[in-house]
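The values are calculated or read from the model by the stated rules, or taken from the named source; none is laboratory data. Owing to the predicted nature of the structure, the values given are computational and were not obtained by experimental measurement. All Cβ positions, even for glycine, are placed from backbone atoms using ideal geometry, and neighbour counts span all protein chains on display. What goes into the accessible areas is simple: the full protein's heavy atoms, side chains included, and nothing from ligands, DNA or RNA. Shrake-Rupley method; radii C 1.70, N 1.55, O 1.52, S 1.80 Å.
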Amino acid sequence: MLSSSGATAETLDRFYEDLCGYSTSPLWLVQEEALVAEPRSKALPFLWRWRDLQPQALRAGDLIGTADAERRVLMLLNPGLNRMATTNSMFAGLQIVMPGEAARAHRHTPAALRFIIDSQGGSTTVNGDRIPMYPGDLVLTPNWTWHDHANDTDDPIIWLDGLDIPLVHMLEAVYYEPYPEDVQPVTEPTDSSLTRYGAGTLRPSWETSGAAHSPLMHYPWQQTWETLQRLAPPRLTAAPMTA
Ligand code: 1HN
């Protein structure tokens, strides 16, 4: 049988007020909300349009130099979240690197992914592995890997950054370190993670990646497209992202 003390509202009010003074609070007043109610996300659906944002990215390229921005990124901030977040757990942004520029080397605990939108051969170097970037490519920068970006082409390059910053921030585990030089040395043959691990089920027996993350950093669009084509009905023919 359930018990009841019969305490008056005033007595309870005083009790709850006293608890406040001890940084303590009764669970039974909020248990419904804390445990029973289903999660309701504060994040709102929102569409960021390329045709709106591309000109703004180019404008940032004109107005802001690399001396003023470690990374020239337009943040895609969710209108329902009052913080640096695109979804509850992920941050996204559009990054632009102008011809001849390099975004200097650094590393951080949030992990990053990049989907390349406009590029005729820019590159990201991840722990000494220089990765060429073309439209539709996915390039990974696992947490705490050194990375810098370079644009040796005649045109601006733009990509979509995705980082798990809101999640790592919530864990109070965001750390950052600049590389001692502007650019890290390339220590591997170009695109070596793809060479070693890009064949999927075939991997060299002598490679032993001790890293806690996947050793594959580059998913070229051509490979992705061909795989999708093999899986899809035969009417798909052209690779729309191919330059
Ligand atoms: C960052 O370091 C990069 O390394 C991109 O390219 C976007 C957004 C917030 C904080 C750090 C990058 C970022 C970022």
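Quick rundown of the values:
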{"read-out": "Output for the range 143-160, where each listed residue is open to solvent by 30 Å² or more (accessible area, probe 1.4 Å) and not in a loop (DSSP other than H, G, I, E, B)", "value": "160"}
{"read-out": "Tally, over the range 194-226, of residues that are part of a helix (DSSP H, G or I) and open to solvent by less than 60 Å² (accessible area, probe 1.4 Å)", "value": "5"}
{"read-out": "Qualifying strands (runs of 3 or more DSSP E) (wholly inside the range 43-142; at least 3 residues being crowded, with 16+ Cβ neighbours inside 10 Å, more than 13 Å from the ligand (Cβ to nearest atom) and on the phi < 0 side of the Ramachandran plot)", "value": "129-133"}
{"read-out": "Residue 1 being of a type in the set (A, V, I, L, M, F, W, C), modelled with pLDDT of 95 or more and open to solvent by 30 Å² or more (accessible area, probe 1.4 Å)", "value": "no"}
{"read-out": "Single match in 187, 227, 201 (criterion: free of Cβ contacts under 8 Å to residues at least 12 places away in the same chain and more than 15 Å from residue 138 (Cβ to Cβ))", "value": "201"}
{"read-out": "Hits in the range 161-193 (condition: surrounded by fewer than 19 Cβ atoms within 10 Å (Cβ to Cβ), hydrophobic (A, V, I, L, M, F, W, C) and in contact with a strand residue (DSSP E or B) (Cβ under 6 Å, 6 or more places away or on another chain))", "value": "183, 186"}
{"read-out": "Qualifying positions in the range 15-42 - surrounded by 10 or more Cβ atoms within 10 Å (Cβ to Cβ) and basic (Lys, Arg)", "value": "42"}
